[in-house]
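Step one of this worksheet: look at the structure below.
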Amino acid sequence: MSIFKEIYKEIKKYDKIVIARHQRVDPDALASELALKQLILNTFPNKKVYAVGVGASKFRYMGQLDKLTDDMYKNSLLIVLDTPDKKRVDIDDLDKFEKTIKIDHHPFVEKFCDIEYIDEDASSTCEIILEFIYNTKFNLDIRSAELLFQGVVSDTNRFTTINTSSKTFDLIKRLIDETNIDFSSLYDNLYARPLSEIRLEGYIAQNLIVTENGLGYIKLTDDVIREFSVDSASPGNMINNFNYINEILVWAFVSEDKKNNIKRITIRSRGPKINDVASKHNGGGHERASGARVETFEEADILLKELDDLCKTYRSEKNEN
């Protein structure tokens, strides 16, 4: 039995299913969560299915989340999406569920579910859900198709990331052929931004520090973030717009979150493997797209130094070859 059929069998077995994903939700995590909920309801309309976790106002167009209640744990199946480790799941008390399943595309960190399917070669969790659909008997509707398309587009940065493969394009082609979604209009919500973020992006471009080893970085204090009328998550939303700069191999945005007393760090790479550095600082992710959280700017400086050393080593090894 394939892993998809095994997971489908478990879904068929349970009358109550809770779907969760990682903290600080992004479009791939939210789209896969909401789409899977709808797919299950399309196929098994008598089941109770809940998509839970803390949402984000900028992704409200994707749909509403359910509030987790105590009665959802009993005799229930939990499906965790797009999350490599237990501490990052956006709900507590995972052990209270009767059965747990993980579906993810991040590099393996730890096993915390009864059944786990990890495909590190997949571009996104939404891509895995598409493959799941085409290997089982899920009934695909237009809204779920739109969500899955948006999730793949977002996590591949419009099909430009290293994990975008021919399989990604094959699955997206099949999705469009079978549902006839108006895919061009789906970019609007994904990429529309307020003027305040555009102005902040200009500030970052003007003040980005670039080292001789190819690390680009900026540290944004709470004063700067408030000056542009954005929140501490906003810098991370624009980091992909700084790709393809000749002088930069790795770039990192550090933003102060005074409300939670942390410094958010979003990191991207055009070569060096950055997730090992991120994992040392309460973070992780992919080899070329990671994030971290630290408590002080001093620790942020340590992380930036490690990234700079990483760039130096990478360039040295490239020159030797």
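The values are calculated or read from the model by the stated rules, or taken from the named source; none is laboratory data. The shown structure was predicted, so the numbers you read here are calculated from the model rather than taken from an experiment. Heads up, the Cβs are rebuilt from the backbone with ideal geometry, glycines too, and the neighbour counts pull from every protein chain shown.
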Q) Does any residue in region 118-145 that is assigned by TED's automatic domain parsing to the domain that holds E178 and over 20 Å from N163 (Cβ atoms) come within less than 6 Å, Cβ to Cβ, of a residue that is aromatic (F, W, Y) and not in a loop (DSSP other than H, G, I, E, B) six or more places away or on a different chain, and which pairs are these? A) T136/F4; T136/Y8
Q.
Of the residues N243, N260, N275, N207, only one is surrounded by 19 or more Cβ atoms within 10 Å (Cβ to Cβ) and either under 30 Å from R315 (Cα atoms) or at pLDDT below 95 (or both); which?
A. N275
Q | Positions within region 278-316 being of a type in the set (S, T, N, Q) and surrounded by fewer than 22 Cβ atoms within 10 Å (Cβ to Cβ), in sequence order | A | S279, N282, T296, T313, S316
Q. Residues in region 45-62 that are in contact with an Asp or Glu (Cβ under 9 Å, 6 or more places away or on another chain), assigned to a loop (DSSP other than H, G, I, E, B) and modelled with pLDDT of 95 or more: how many?
A. 3
Q.
Just the residues that are in contact with a Lys or Arg (Cβ under 7 Å, 6 or more places away or on another chain), over 23 Å from V109 (Cβ atoms) and charged (D, E, K, R), please, taken from region 10-46.
A. D15, K16
Q) Applying the selection to region 262-282, what residues are assigned to a helix (DSSP H, G or I), of a type in the set (A, V, I, L, M) and in contact with a strand residue (DSSP E or B) (Cβ under 6 Å, 6 or more places away or on another chain)? A) A278
(Q) Looking at I19, I11, can you tell me which residue is in the same structural domain as I128 (by TED's automatic domain parsing), part of a helix (DSSP H, G or I) and either under 24 Å from E131 (Cβ atoms) or touching a residue at least 40 places away in the same chain (Cβ under 8 Å) (or both)? (A) I11
